[in-house]
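Read the figures in this text as sums done on the coordinates, not as results from a lab. No experiment lies behind these values; they were computed from the predicted model shown. FYI the Cβ positions are ideal-geometry reconstructions off the backbone, even for glycines, and counts take in every protein chain you see.
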Amino acid sequence: MKPAPFQYHAPRTIEEAVATLARVAPDDGRVLAGGQSLVPTMAFRLARPRHLVDINGVAALSRLVVENGKLCIGATVRHAAFERPVAKGPLGELLREVVRHIAHKPIRARGTFCGSIAHADPASEWCLVAAALGAEMVARSARGERVIPAKDFFSGIMTTALQEGELLTEVRLPLLSADTRFGFCEFNRRAGDFAIAMALVTFRLKNSAIIEPRVAISGAEATPRRIAQAETALDSHAPDAKTFAAAADAAAKAIDPLDDENTSADYRRGLVRTVVLRALERAAT
Amino acid sequence: MGERAAEGLVTGFVMTEKLAFTLNVNGRDFPVRVEPRRTLADTIREECKLTGTHLGCEHGVCGACTIIIDGEAVRSCLMFAVQAAGKRIRTVEGLANGNELHPLQRAFIAHHGLQCGFCTPGFLMLAVNTLEQQPDIGDEELLDVLASNLCRCTGYGNIVKAVKAARDEMRAGK
Ligand SMILES: Cc1cc2nc3c(=O)[nH]c(=O)nc-3n(C[C@H](O)[C@H](O)[C@H](O)COP(=O)(O)OP(=O)(O)OC[C@H]3O[C@@H](n4cnc5c(N)ncnc54)[C@H](O)[C@@H]3O)c2cc1C
Ligand code: FES
Ligand code: FES
């Protein structure tokens with residue numbers, strides 16, 4: 001349970017971090033952010049990176065600001081930052097509701113939002129938020145900067161569009177209008193554990209009908225994503241039990257669930273129906 | 001292979017020079033020399049010789065290694081020692097004031113919050129940090145915080161009782 005040897009790099013600026021990554025990434029160099037996923041993997045020797053580029057000393061990566069209608073979350077912003085509303089309106093409340101479900105206090109004090117996105121665990125709450133709200137991932141490398149939309153970012157279990165030598169400098173979330181309702185529901189077997197299935201929904205009401213519905217699920221499939229069939233079942237309908245049940249059924253039907261020795265695909269499908277339904281009920285109240 | 005090894009480009013092994021830095025634990029400076037891969041928990045135990053911090057799972061799950069760094073309870077098995085250079089580290093050895101135990105330590109004794117004691121330093125540091133940050137924390141939230149750490153002996157009931165008692169005592173003392 002001891003990590004294998006590696007060389008340690010502690011850049012102070014984004015430019016220096018990117019230059020170091022360009023040099024060491026081809027030689028299995030990796031970013032070290034909060035270390036709350038990477039270090040356990042190293043302790044098990046499932047990962048033996050030969051270089052770690054520790055970004056915790058890069059002051060410019062700690063920014064957490066609203067700019068042009070978007071919340072910009074720098075690479076060293078910890079989970080714990082979201083325990084207080086960080087943006088006005090529903091977005092700050094949504095993040096505060098979701099963060100309670102991520103691990104435990106000492107892990108939230110170190111783990112980062114961007115680290116969760118880069119790690120792309122199928123059961124990551126932040127990855128679900130990014131997929132649901134259409135986040136933008138800002139990736140920097142020696143080759144320059146590019147912005148990757150959430151729908152193109154998650155490509156598989158712990159696999160993303162980030163390329164060798166790319167640093168995720170920040171994630172941007174669009175602010176939600178004041179009348180946006182949201183509901184989140186997660187199922188796991190122990191408090192603070194990874195979710196087996198979770199759902200995040202948002203919508204607005206116009207003339208008592210649902211508009212701009214978003215239904216995203218994760219934990220149940222390899223990657224988090226919005227479920228168009230469930231959104232169609234909500235759009236322009238009244239926010240009532242019948243509509244919600246139809247949307248939950250549509251979500252359960254639409255997914256391609258993971259299957260493992262502890263949790264069968266059928267069970268996950270059933271859970272998806274339940275978490276979508278409960279998330280919708282929470283959004284409605 | 002000298003030059004390439006120094007750049008860490010040789011396949012099969014990585015050159016790791018020891019790094020020299022200072023850890024400040026409970027107000028005292030400890031100059032240490034360790035490889036970058038040494039965790040903070042191991043370094044505190046083996047270099048600073050402060051063995052009150054325990055290691056259970058070594059992958060972030062059990063909480064036995066919980067210590068306080070710059071005012072935040074963290075898992076010391078998930079940090080490398082070099083990352084804590086220049087930071088203020090507090091371990092269980094720093095809780096008592098001479099022979100006078102911290103109110104939380106006294107509460108653990110009074111309410112039988114420990115049996116074998118393996119998990120105790122982690123619970124103490126987690127709870128001290130929580131009560132310092134949120135002296136008025138409610139019972140439900142406290143339970144949620146304490147769920148972070150594992151205990152194989154007590155069944156948790158007495159740990160929760162002890163932390164609640166310390167919270168009430170510390171609050172009354174203010
Ligand atoms: C006991 C325990 C319970 C947990 N429970 C949950 C849970 O319920 N839900 C949940 O979502 N997570 C959970 N986690 C994981 C935790 O949220 C991690 O903090 C998170 O997954 C990774 O963030 P990090 O900052 O710690 O990243 P690190 O561990 O430092 O890095 C993870 C990976 O991402 C890469 N990386 C990190 N940052 C960047 C970047 N800016 N650019 C490019 N690559 C980067 C690293 O190279 C590494 O491959 C748990 C962890 C533990 C130990
Ligand atoms: S030893 Fe660090 S959490 Fe178990
Ligand atoms: S007292 Fe023995 S593990 Fe908690």
Full-extension gain in nm, residue A:46 to residue A:161, via 0.36 nm per residue minus C-alpha separation: 39.3 nm
Extreme residue, positive dipole direction of chain A, given options A:254, A:24, A:71 (C-beta unit charges): A:71
For the stretch A:219-263, the Rg and Dmax computed from alpha carbons only, in angstrom: 12.4, 40
Cα Rg, Dmax (largest Cα-Cα span) when computed across the stretch A:7-54, Å: 10.6, 32
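What is the calculated FRET efficiency for residue A:62 to residue A:4, with r their C-beta to C-beta distance and R₀ = 30 Å, to the nearest 0.05?
0.55
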Other-chain or far-sequence residues with amide H under 5 Å of residue B:23's (modelled H): B:30, B:32
Residue list for the stretch B:68-92, given a label point 7 angstrom along the Cα-to-Cβ vector of residue A:12 and an amide N cut-off under 19 Å: B:82-87
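Kirkwood Rh, Cα Rg: Rg to Rh for the stretch B:45-174? Let's see the in-between values first.
Values: Rg = 14.0 Å, Rh = 14.9 Å.
Across the stretch B:45-174, the Cα-based Rg/Rh ratio is 0.94.
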Linear extension gain, residue B:147 paired with residue B:29, 0.36 nm per residue minus alpha-carbon span: 39.2 nm
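Express the C-alpha Rg of the stretch B:103-172 as a ratio against the empirical globular expectation 2.2 N^0.38 Å, rounded to two decimals. Before the final figure, lay out the partial values.
Numbers: Rg = 10.7 Å, N = 70, 2.2 N^0.38 = 11.1 Å.
Relative to the rule-of-thumb radius for its length, the stretch B:103-172 sits at 0.97.
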Residue B:70 paired with residue B:132, simple spin-label distance in nm, labels 7 Å along Cα-to-beta-carbon: 1.5
Mean separation of Cα contacts under 8 Å, 6 or more apart, over the residue count of the stretch A:59-174: relative contact order %: 27
For the stretch A:181-284, fraction of C-alpha pairs farther apart than 25 Å, in %: 16
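So if we plug the beta-carbon distance of residue A:209 and residue A:256 into 1/(1 + (r/R0)^6) with R0 = 45 Å, what FRET efficiency do we get, rounded to 0.05?
Working: r = 30 Å, r/R0 = 0.67.
Given R0 = 45 Å and the Cβ-Cβ separation, E is 0.90.
Which ordering of A:223, A:159, A:180 is given by a fewest-first count of other beta-carbon atoms within 10 Å? Could the numbers behind the result be given before it?
Numbers: A:223 17, A:159 11, A:180 20.
Starting with the residue having the fewest Cβ neighbours, the order is A:159, A:223, A:180.
Over all directions, average the projected area of the Cα convex hull of the stretch B:11-94 and note it in nm². Walk me through the intermediate numbers first.
On the way: hull surface 22.8 nm².
For the Cα atoms of the stretch B:11-94, the hull's average projected area reads 5.7 nm².
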Unit charges on C-beta of K, R, D, E only; dipole of the protein assembly as shown, Debye: 440
For residues of A:106-115, the mean tally of beta carbons on other chains within 10 Å: 5
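With r defined as the distance between the Cβ atoms of residue B:49 and residue B:19 and R0 fixed at 22 Å, what FRET efficiency is calculated, to the nearest 0.05?
0.70
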Inter-label distance for residue B:116 and residue A:235, nm, one decimal - labels placed 7 Å from Cα along Cα-to-Cβ: 5.8
Gap separating the Cα centres of the stretch B:104-174 and the stretch B:64-93, nearest whole Å: 19
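Report the net charge of residues surrounding residue A:8, where surrounding means a beta-carbon distance below 13 angstrom and charges are Lys +1, Arg +1, Asp -1, Glu -1.
+2
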Value of relative contact order over the stretch A:181-284, rounded to a whole percent, pairs C-alpha under 8 Å and six or more apart: 32
Check: the stretch A:7-54 dipole with +1 on Lys, Arg Cβ and -1 on Asp, Glu Cβ, in debye: 200
Kirkwood Rh in Å, taken over all unlike Cα pairs in the protein assembly as shown: 23.5
The stretch A:189-243: proportion of alpha-carbon pairs further apart than 17 angstrom, %: 45
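Once you keep just the Cα pairs under 8 angstrom separated by 6 or more residues, what percentage relative contact order results for chain A?
The value is 15 percent.
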Calculated Rg and Dmax of the stretch A:59-174 using C-alpha coordinates, Å: 13.2, 37
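With Cβ to Cβ distances under 13 Å as the rule, what net charge do the other residues near residue A:214 carry (K, R +1; D, E -1)? Intermediate results must be reported in sequence, preceding the final value.
Working: positive: A:151, A:181, A:204, A:225, A:226; negative: A:212, A:231, A:235.
With Lys, Arg at +1 and Asp, Glu at -1, the neighbours total +2.
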All Cα pairs of the stretch A:9-128, percent lying beyond 23 Å: 33
Karplus (6.51, -1.76, 1.60) ³J(HN,Hα), θ = phi - 60°, over the stretch A:185-197, in Hz, Gly and Pro reported as x: 9, 10, 10, 9, 8, 10, 4, x, 7, 5, 6, 8, 7
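If Lys and Arg each add +1 and Asp and Glu each add -1, what is the summed charge of the other residues whose beta carbon sits under 12 Å from the beta carbon of residue B:129? Please report the intermediate quantities before stating the final value.
Numbers: positive: A:105, B:90; negative: B:70, B:72, B:132.
Computed value for this residue: -1.
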